[in-house]
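The values are calculated or read from the model by the stated rules, or taken from the named source; none is laboratory data. Since this is a predicted model, take the numbers as computed values, not measurements. A quick note on method: Cβ atoms are made from the backbone with ideal geometry, for glycine too, and the neighbour counts reach across all protein chains shown. Heavy atoms of the whole protein, side chains included, go into the accessibility calculation; ligands, DNA and RNA do not. Shrake-Rupley method; radii C 1.70, N 1.55, O 1.52, S 1.80 Å.
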Amino acid sequence: GLSQYSSDPRTEWDLSTYSTRDQVLDAVRSLRYKGGNTFTGLALTHVLEQNLKPDAGARQEAEKLVILLTDGKSQDDANLAAQTLKNLGIEIFAIGVKNADEAELRQVASEPLELTVYNVLDFPLLSSLVGKLTRVLCTRIRGKSSRENAESPVNSGPQLSPTDLKISAVTSKSMHLTWSPPLRPPKKYRVVYYPSKGGIPKEVILDGAISSLQLSNLTSHTEYVVSVIPVYDTVVGDGLRGVTSTLPLSSPRSLRVSELSHNSMRLSWKAAQGATQYLVLCSAAPDGAED
């Protein structure tokens, strides 16, 4: 599977989209470059919520690997998102090109870093990593599979997934979330929320017995993406996802002009709820416009 990211991540194809090597190579050749910012934390969250799911082709019994390829320093908290993946047993390999921040790559990657962190000066040099990286990946998968083969996998589905996400009491700065818990209570919930147009994702960790949350200090008149993800000891259940916009800030109304003289006027208006100050701008009308 492959996702490309800048300000907003985009799934190019899922794990289940192609079934042969040639199909994958053809898809890579026709891939269009996505320019923009470098929100690595948001991209890793996208991979967890969208790409490593059964309906995207992720098999519960299979090892989960993420290979991050980046040419810049992240503009959001990549370490927090990476730690969430690693805590769930997902292994991260970090590959930097050109202006990548090696310290950040080492924070994001799984241990041992000598096998999971790579950095090259330019894109053509990536070809020099292919042989070694392939051997390391295959060895890691075989090693983990043999150690964990005796463990019976936990199946995902309604038993592990919450339902019925409701977003209510929306104001210009807050909203309230509620959901119905899965049949098997999770150890905890991850609630991730961020502006849909691109922004730094924020995360709240809740005890698995809680099924509601008040989100505060939001930006007014902004569309937010909200995800509620159940986390168990050895597996992540399917998350809930919702999109809601905060209300705009209230505006002053009924502007009136009175007490006009040659060099003054009085203004009055109906107050805007919650406003603590007003900015009044005044300028001469352009030639030909109404005075």
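Here the scattering of the chain is modelled by Debye summation over its C-alpha atoms, one equal scatterer each and no solvent; at q = 0.09 Å⁻¹ the log10 of I(q)/I(0) is -0.57. For region 200-291, the set of GluC sites (Glu not before Pro) satisfying both a DSSP loop assignment and a count of at most 16 other C-beta atoms within 10 Å is given as Glu259, Glu290.
For Gly198, nonlocal amide neighbours, meaning residues 5 or more places apart or on other chains whose placed amide H falls under 5 Å from its own, do not occur. Per residue, region 2-145 exposes 53 Å² of solvent-accessible protein surface, assessed with a 1.4 angstrom probe and all protein chains in place.
The listed residues Arg135, Arg184 rank as Arg135, Arg184 when sorted by accessible area, largest first, using a 1.4 Å probe. Which net charge results for the neighbourhood of Ile200, defined as the other residues with beta-carbon distances under 10 angstrom from its beta-carbon, given Lys and Arg at +1 and Asp and Glu at -1? Neighbourhood net charge equals -1. Counting 0.36 nm for each residue step from Met265 to Asn99 and taking away their Cα separation leaves a gain of 54.0 nm. Per residue, region 163-246 exposes 48 Å² of accessible surface when a 1.4 Å probe is rolled over the protein heavy atoms with every protein chain present.
Using the structure shown, list the pairs from Lys86/Lys132; Lys73/Lys98; Lys34/Lys197; Lys34/Lys73; Lys166/Lys197 with a Cα-Cα distance above 18 Å, or answer none. Among Lys86/Lys132; Lys73/Lys98; Lys34/Lys197; Lys34/Lys73; Lys166/Lys197, the Cα-Cα distance tops 18 Å for Lys86/Lys132; Lys166/Lys197.
Take the Cα of His176, step 7 Å toward its Cβ, do the same at Lys34, and the gap between the two points is 3.6 nm.
Straight-line cross-link partners of Lys53 among the aspartates and glutamates, defined as a Cα under 14 Å from its Cα and at least 8 positions apart when in the same chain: Asp14, Glu61, Glu63, Asp238. Summed over qualifying helices (DSSP H, 4 residues or more, each -39500 (n - 2.57)) and divided by its residue number, the chain shows a 222 nm mean residue ellipticity of -5500 deg cm²/dmol. Remark: region 163-246 is approximated by an ellipsoid whose semi-axes, taken from the C-alpha gyration tensor as √(5λ), come to 23, 13, 10 Å, largest first.
If you roll a 1.4 Å probe over the chain with all protein chains in place, what percent of the accessible area is carbon or sulfur? Reported share for carbon and sulfur atoms: 51 percent. In terms of its C-alpha gyration tensor, region 2-145 comes out rounded, because the ratio a/c of the largest to the smallest axis stays below 1.5.
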